[in-house]
Amino acid sequence: MSMRMRKKRNFDARMLACGDLLLAKGANGILNMKEAAENYRDLIDFFAAFGNNNPVWLEIGCGKGGFVCALAEKEPSVNFLALEKMSNVILTPMEEVKKRGIQNIRFLNIRAECLPCYIPENSLDGIYLNFSTPLPKLGYASQRLTHRNFLEKYKKLLKKGGRILQKTDDRDFFDFSLEEYKACGFALENVSYNLHEKGNPEWNVVTEYEQKWVERGLPIHRVEAVYLGD
């Protein structure tokens with residue numbers, strides 16, 4: 001029997017205090033339904049959200065937010081959207097952003113399927129997929145975030161030349177992803193089956209999950225999939 005995550009203390013008040021960081025909230029409502037999501041639109045005005053026209057990158061599945069916070073501080077001239085479908089999880093990175101005074105992160109509390117409801121077409125410079133759930137069980141492939149069903153959605157949101165940067169510890173999932181990228185017309189660059197073979201590259205921001213695997217001496221796989229335009 002699965003266990004549900006206990007709701008954080010004073011959850012509603014704490015979420016309200018971070019409300020200015022939350023651009024979309026539909027994870028637990030009707031937007032979970034495919035039929036509704038296909039027709040619903042409440043597109044985000046990035047200039048209104050960030051106060052500038054800087055490039056916009058999206059992380060799908062931000063978890064506790066360690067990666068996106070580190071990246072946002074490293075790249076202050078880039079705007080970041082952090083998506084996390086679990087409301088009880090997204091509160092942690094939002095509070096961290098408030099605490100650290102980071103100005104270039106906003107949050108989406110939605111499922112990845114619903115991205116076209118909120119993100120304008122041809123508006124993203126890139127997407128981060130860090131250690132997405134590989135869903136290895138038979139019949140679950142279509143739910144993987146690199147399945148062609150998702151990739152076709154991402155293509156509509158990315159600018160021409162936009163990139164998907166993926167890291168995973170799962171070799172089967174990685175090989176599956178490479179084939180899906182190619183099938184959807186992405187060009188593959190900087191494919192690595194052992195990102196940390198010679199130590200962590202200077203440009204690589206290490207996630208919390210990634211650090212655990214590296215400390216065990218296990219390989220991290222990484223690829224850049226470039227959208228060439230249709």
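The values are calculated or read from the model by the stated rules, or taken from the named source; none is laboratory data. Computed from a prediction, not measured in an experiment: that's the story for all the values here. Cβ atoms come from the backbone with ideal geometry, glycine included; neighbour counts cover every protein chain shown. Quick note on the areas: whole protein, heavy atoms, side chains included, nothing else; ligands and nucleic acids left out. Shrake-Rupley method; radii C 1.70, N 1.55, O 1.52, S 1.80 Å.
Label positions at N149 and D12, each projected 7 Å from the Cα along the C-beta direction, are separated by 3.4 nm. Multiplying each eigenvalue of the alpha-carbon gyration tensor of segment 191-230 by 5 and taking the square root yields semi-axes of 23, 10, 10 Å, largest first, rounded to whole angstroms. Heavy-atom surface analysis with a 1.4 Å probe gives segment 96-215 a carbon and sulfur content of 46 percent of its accessible area. Surface exposure of segment 121-204, expressed per residue as accessible area with a 1.4 Å probe, stands at 53 Å². Checking the Cα-Cα distances for K85/K155; K7/K155; K99/K137; K74/K153 against a 30 Å cut-off, the pairs over it are K7/K155; K99/K137. According to the calculation over all Cα-Cα pairs in segment 41-129, the P(r) per 10 Å bin from zero is 17, 55, 27, 0 %. At full extension, K99 and Y193 could sit 30.2 nm farther apart than now, given 0.36 nm per residue minus the alpha carbon distance.
Rounded to the nearest 10 square angstrom, V191 shows an accessible area of 70 square angstrom against a 1.4 Å probe. The residue among L158, G101, M86 whose Cα reaches farthest toward the positive pole of the charge dipole of the chain, with charges on the beta-carbon of Lys, Arg, Asp and Glu, is M86. By the rule of a C-alpha distance below 16 Å, with chain neighbours fewer than 8 residues away ignored, the aspartates and glutamates paired with K160 are E121, D125, E152, E189, E224, D230.
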